[in-house]
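Encoded as structure tokens, here's the structure I'll be asking about.
The values are calculated or read from the model by the stated rules, or taken from the named source; none is laboratory data. All values reported here derive from a predicted model rather than from experimental measurement. Cβ placement follows ideal geometry from the backbone for every residue including glycine, while neighbour counts extend to all protein chains displayed.
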């Protein structure tokens, strides 16, 4: 991920661990991407401030990440997320979670494992 754009943004910082990446705006981790064996769990957090700048930082993160199909929009003071798979979903509260993990089937295997065995 290209992180150069962060240096030009005020009150914005980056935190990275072994299995996660966070984008902070002021004192809030506005985006956290946790990597698991089955895929990513993305947590968005407005910190109680659903402002134009908070939304811009979140969208900037996704524009430069591998999850570039995710975005946040606003209509009539209500925030919505687009996860690239389904329709927009209303963002209620301060936190919104997008689960990009591959589902586990009833027999305990993943969809990807089933496809591999079919080939």
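Does residue 69 fit the bill of being under 17 Å from residue 97 (Cβ atoms) and at pLDDT below 95?
Against the criterion (under 17 Å from residue 97 (Cβ atoms) and at pLDDT below 95), residue 69 qualifies.
Follow-up question, since we're still on this one. What pairs come up if the first residue lies in segment 22-37 and is free of Cβ contacts under 8 Å to residues at least 12 places away in the same chain, the second is surrounded by 15 or more Cβ atoms within 10 Å (Cβ to Cβ) and in a strand (DSSP E or B), and their beta carbons are under 8 Å apart, counting only those six or more places apart or on different chains?
Partner pairs satisfying both residue conditions: 22/29; 22/31; 22/32; 22/33.
Yes or no: segment 26-46 includes at least one residue that is surrounded by 15 or more Cβ atoms within 10 Å (Cβ to Cβ), at pLDDT 95 or above and assigned to a loop (DSSP other than H, G, I, E, B).
Within segment 26-46, one or more residues are surrounded by 15 or more Cβ atoms within 10 Å (Cβ to Cβ), at pLDDT 95 or above and assigned to a loop (DSSP other than H, G, I, E, B).
Considering only segment 47-68, I want to know if a residue exists there that is without any contact (Cβ under 8 Å) to a residue 40 or more places away in the chain, surrounded by 15 or more Cβ atoms within 10 Å (Cβ to Cβ) and in contact with a helix residue (DSSP H, G or I) (Cβ under 8 Å, 6 or more places away or on another chain).
So far as segment 47-68 goes, no, none of its residues is without any contact (Cβ under 8 Å) to a residue 40 or more places away in the chain, surrounded by 15 or more Cβ atoms within 10 Å (Cβ to Cβ) and in contact with a helix residue (DSSP H, G or I) (Cβ under 8 Å, 6 or more places away or on another chain).
Could you tell me how many of the residues in segment 72-97 are surrounded by fewer than 14 Cβ atoms within 10 Å (Cβ to Cβ) and either touching a strand residue (DSSP E or B) at 6+ places or on another chain (Cβ under 8 Å) or in a loop (DSSP other than H, G, I, E, B) (or both)?
16
With the requirement that a residue be touching a helix residue (DSSP H, G or I) at 6+ places or on another chain (Cβ under 9 Å) and either assigned to a loop (DSSP other than H, G, I, E, B) or modelled with pLDDT under 90 (or both), what does segment 11-25 give you?
Listed by number, the residues that qualify are 11, 12, 13, 14.
Please work out which one of (1) under 14 Å from residue 93 (Cα atoms); (2) under 12 Å from the mean Cα position of the chain (by Cα); (3) without any contact (Cβ under 8 Å) to a residue 12 or more places away in the chain is the condition residue 80 fails and give its number.
Answer for residue 80: the failing condition is (2).
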